[in-house]
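Heads up: the structure comes next, in structure tokens.
The values are calculated or read from the model by the stated rules, or taken from the named source; none is laboratory data. Just so you know, these numbers come straight off a predicted model, no measurement behind them. All Cβ positions, even for glycine, are placed from backbone atoms using ideal geometry, and neighbour counts span all protein chains on display. Areas reflect the complete protein model, heavy atoms only, side chains present, ligands, DNA and RNA absent. Shrake-Rupley method; radii C 1.70, N 1.55, O 1.52, S 1.80 Å.
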Amino acid sequence: MLSKFKLFEALSHSGFRRITNAYKADVHHVNALHYFLWSPFSTITESPHISDSPTMTESPELPGWVKFSEKENPNIVDPDDDFVIPSVANWVENQKLHDQTRVVRHMPSDGINSDVEKISKILKTRYPSADAAAEAINGCGVSVSESLVEQLLKRFSNDWIPAFGVFMWAKAQTGFRHSVDSCNLMVDILGKSKKFNLMWELVEEMDQLGGYVTLVTMAKIMRRFARAGKWEDAIETFRGIERFGVNKDISALNTLLDALVKENGVEHAHDVFLEWKDMVPLNSRTFNVLIHGWCKARKLENAQKAMKEMEKYGVSPDVVTYTSFIEAHCREKDFRKVDAVLEEMQEKGCPPNIVTYTIVMHARGKARQLLDALQVYETMKRNGCVPDAAFYSSLIYFLNKSGRLKDARDIFEDMSKQGVTPDVLTYNTEIAAACEHSQEETALKLLQKMEEASCKPDVKTYAPLLKMCCRKKRMKVLSFLLSHMFKNDISLELGTYSLLVKGLCNSGKLEHACMFFEELVLKGFVPKDSTYKLLMKELEAKSMEKAKEQIEKLMLQATTKEESTHLFKVTN
């Protein structure tokens, strides 16, 4: 295998100038200053595109209202449905999935007898309330434990009724007391589901226990309010944290500012900053969060003003500050300004770090300036900056996008030999590329390799795999993947459901698309309008009138519930 240096020299060869594929899509490989602005209180449970994933195993029949048109024979099975590539067949079969002519619901197989799977099986039934779910678990013969509760909460993190049912059931067990972590996780789940009244009731209970409510708790609340666009509620949470024994210090202020900025509320963050800047001693993170927010909003003049105020306050701009500006210029593909900022950093004794170089290299690669992108590595090497997994992931990404799949795979294979272990982002990058090029075997073997390497997948790992299975009508593999997700405690959310409904519609699997649509509504999600219209169009084309009527009812049910919730918030 090529050494690290020779590998980059080989990639820099003139043959690298031939670009065969145009860039088709952006990727969130370099999440603007993730390393700098990350807070230990962040809730990184959702993905921008897809987020959860329960499991699939045996399931009840498809919804009874799904009827085929008279022109179709429902007994004819597409030969692709049951196909599994031979090299991964044993791995797939070991999931103990039986009836694969239909996609099954996301519950574990009957053959698995662990306590987690036993309770998960009970919760596959849709219960009208958390009380009903808790009652269903009661008497199941499972002994409660902290680890059991936490795994179940993670598994159902996007489905608040079974999650809260587990939480209530555990609390009622003799001698059991929830841990702080479990309580905070439940607070986050309720906030994510916009069950804010229940969330506050739980926080009040935690407060009575003494020592349970911390800045971690308040951070989750502020972030969930910000995510829901409830800026004032997030700010009021900060104002009232001392009532729960949490200090209104710079850490709390920075957490609020970060929550607002990450949800595109930099103007609200700036208002908070102006209100509190003379009452709480500020630090570099305070200014960097604001500068990053202004840069993200493409308001560089405001970012420059914030940096000047930073200097007046006696805080020197650092690598985070400058990297925010570099990222903004990269977004505009203004590499002349990027180079100017890099030069200024060196002059001021604030050299770029690995995140800075990764952002620049990624932007150059996306702009199809591949030789310039590779030159970033040489510059980084001269400055004594060592590549990390994120850097390699970015390099692999734009090599794949330029059609250099073999070069990308060579680098992926060479990483470990250079002392850098591939992480979930690296695997996701390679899996996405394999799926885009319909390399089923490669993609599934990469997922298998992740499992063997104990690298836990996330929702972004599965998104391209699910999409590929829908496109190629691999229903058995789709079932396996959903089961695999559930076992990794990844709960399906709206983005994943939307992907599945759209993909199955496009491949003609309308009965399964209807099943997922029904399930997303039953979980309390409101389907995207585009998802609903696509499904209705396909059902109409296939003369599936009964299914069409049911989908209309489900959409009405979802939107009516959302409107009622909104009205309740306004009147209270």
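Worth a mention:
- Inter-part distance where region 267-336 and region 196-212 are each reduced to a Cα centre, Å: 35
- Taken per residue, the accessible surface of region 341-426 reaches 38 Å², heavy atoms only and a 1.4 Å probe.
- Shape category assigned to region 125-187 from the gyration tensor of Cα positions, a/c cut at 1.5: oblate
- Rolling a 1.4 Å probe over the protein heavy atoms leaves Lys154 with an accessible area of roughly 100 Å².
- Rounded to whole numbers, the Karplus 3J(HN,Hα) couplings from phi for region 147-161 are 5, 4, 4, 5, 5, 5, 5, 5, 5, 10, 5, 10, 9, 5, 5 Hz, using 6.51 cos²θ - 1.76 cosθ + 1.60 with θ = phi - 60°, and x at Gly and Pro.
- Each other residue within a Cβ distance under 15 Å of Ser251 adds +1 if Lys or Arg and -1 if Asp or Glu, for a net charge of +1.
- Highest average packing first - 278-288, 251-261, Cβ atoms within 10 Å: 251-261, 278-288
- Residues whose amide H falls under 5 Å from that of Ile490, counting only those 5 or more places apart or on a different chain, are Ser53, with hydrogens built in the peptide plane.
- Cross-link check: pairs Lys220/Lys456; Lys348/Lys460; Lys171/Lys487; Lys124/Lys546; Lys460/Lys509; Lys220/Lys401 evaluated at a Cα-Cα cut-off of 31 Å; pairs beyond the cut-off: Lys348/Lys460; Lys220/Lys401.
- Per the Debye formula on identical point scatterers at the alpha carbon atoms of region 349-487, with no solvent, log10 I(q)/I(0) at q = 0.09, 0.13 Å⁻¹ is -0.30, -0.59.
- Share of carbon and sulfur in the accessible heavy-atom surface of region 387-486 [1.4 Å probe, %]: 48
- Per-residue SASA entry for Lys548, accessible area with 1.4 Å probe, Å² rounded to 10: 40
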